[in-house]
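Encoded as structure tokens, the structure appears first; notes follow it.
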Amino acid sequence: AQKITQTQPGMFVQEKEAVTLDCTYDTSDPSYGLFWYKQPSSGEMIFLIYQGSYDQQNATEGRYSLNFQKARKSANLVISASQLGDSAMYFCAMREPRLDTGRRALTFGSGTRLQVQP
Amino acid sequence: SAVISQKPSRDICQRGTSLTIQCQVDSQVTMMFWYRQQPGQSLTLIATANQGSEATYESGFVIDKFPISRPNLTFSTLTVSNMSPEDSSIYLCSDKKAGYNEQFFGPGTRLTVL
């Protein structure tokens, strides 16, 4: 079963509009972390935002916010006031203990390509 | 956030050769990881680099093909051995400091194997 699911291969948004990128996850561990990364065409992975499973409040970082719905196992990224520079791949990831090693490591979704149009 | 550098940033290599990628972090970190991103794909964890002991490899990755060293808490290397065109990927190192939730990545090494 997929641990992290991103159902939107591509999204378009008009400049200055808000956009929501979807992410659902699957885990039986009560302690986990959820991440969003941005990957521009240069290939670097840019950390955007983190949400812990025990956090009561939704995480926010500037124009980025994470809509965390624990019962639904969803962790959608909301980008407000989109800018042309937001055009990139966006990856959702989860960190949880590995069943075989017990170590915590990131598992990534397949990504969503966001294009911001002027 | 830790600053992570990788060398080389990109390389074009011949089939059958090996390439060693270096990852340097500007402060001591508990855990360092190596990931691979094949063209058009997501990131896959290759291994966790452990300071002073052998790396812990994920299913599908073996030490003979991807030997890893971590001589201290700020440095690690990944070697891609006996390369084939299927090894053409971006290789990224990542770190996590104890007590911090964030996990950061280096700029990546873009490898093309001819």
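The values are calculated or read from the model by the stated rules, or taken from the named source; none is laboratory data. Predicted, not measured: the structure shown is a model, and the values here were computed from it. So basically every Cβ, Gly included, is an ideal-geometry build from the backbone, and we count neighbours across all protein chains shown.
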Number of the condition not met by B:Ser42 [criteria: (1) surrounded by fewer than 16 Cβ atoms within 10 Å (Cβ to Cβ); (2) among the polar types (S, T, N, Q); (3) under 20 Å from A:Thr107 (Cβ atoms)]: (1)
Those residues of the stretch B:91-113 which are within 7 Å of chain A (Cβ to nearest Cβ), more than 28 Å from B:Thr17 (Cβ to Cβ) and in a loop (DSSP other than H, G, I, E, B), in sequence order: B:Asn101, B:Glu102, B:Gln103
Sole exception among (1) among the small types (Gly, Ala, Ser); (2) within 14 Å of B:Phe105 (Cβ to Cβ); (3) away from chain A (no Cβ under 12 Å) for B:Ser27, by number: (2)
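Do we have any residue at all in the stretch B:79-90 that's within 11 Å of chain A (Cβ to nearest Cβ), of a type in the set (A, V, I, L, M, F, W, C) and either closer than 26 Å to A:Cys92 by Cβ or buried (at least 17 other Cβ atoms within 10 Å of the Cβ) (or both)?
Yes, because at least one residue in the stretch B:79-90 is within 11 Å of chain A (Cβ to nearest Cβ), of a type in the set (A, V, I, L, M, F, W, C) and either closer than 26 Å to A:Cys92 by Cβ or buried (at least 17 other Cβ atoms within 10 Å of the Cβ) (or both).
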Selection within the stretch A:90-118 - at pLDDT 95 or above, facing another protein chain (nearest Cβ under 9 Å) and touching a strand residue (DSSP E or B) at 6+ places or on another chain (Cβ under 7 Å): A:Phe91, A:Ala93, A:Phe108, A:Gly109, A:Gly111
Among the candidates B:Ile12, B:Ile4, B:Ile63, residue that is surrounded by 16 or more Cβ atoms within 10 Å (Cβ to Cβ) and aliphatic (A, V, I, L, M): B:Ile4
Given (1) within 13 Å of the chain's Cα centre (by Cα); (2) within 14 Å of chain B (Cβ to nearest Cβ), number of the condition A:Tyr54 does not satisfy: (1)
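Report yes if B:Gln22 is within 18 Å of B:Asp95 (Cβ to Cβ), within 11 Å of chain A (Cβ to nearest Cβ) and at pLDDT 95 or above, otherwise no. I'd like the intermediate steps shown before the answer.
Numbers: within 18 Å of B:Asp95 (Cβ to Cβ): yes; within 11 Å of chain A (Cβ to nearest Cβ): no; at pLDDT 95 or above: yes.
No, not satisfied.
Does A:Ser42 meet the test of being small (Gly, Ala, Ser) and out of contact with any strand residue (DSSP E or B) (no Cβ under 9 Å at 6 or more places or on another chain)?
Values: small (Gly, Ala, Ser): yes; out of contact with any strand residue (DSSP E or B) (no Cβ under 9 Å at 6 or more places or on another chain): yes.
When the stated conditions are applied, A:Ser42 passes them.
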Contacts under 9 angstrom Cβ, first residue in the stretch B:30-43 being more than 13 Å from B:Ser94 (Cα to Cα) and more than 8 Å from chain A (Cβ to nearest Cβ), partner loosely packed, with under 13 Cβ neighbours inside 10 Å and not hydroxyl-bearing (Ser, Thr, Tyr), 6 or more apart: B:Gln38/B:Glu86
Residues satisfying the stated conditions in the stretch A:33-51, i.e. touching a residue at least 24 places away in the same chain (Cβ under 8 Å), polar (S, T, N, Q) and either at the interface with chain B (Cβ under 8 Å from one of its Cβ atoms) or under 21 Å from B:Ser89 (Cβ atoms) (or both): A:Gln39, A:Ser41
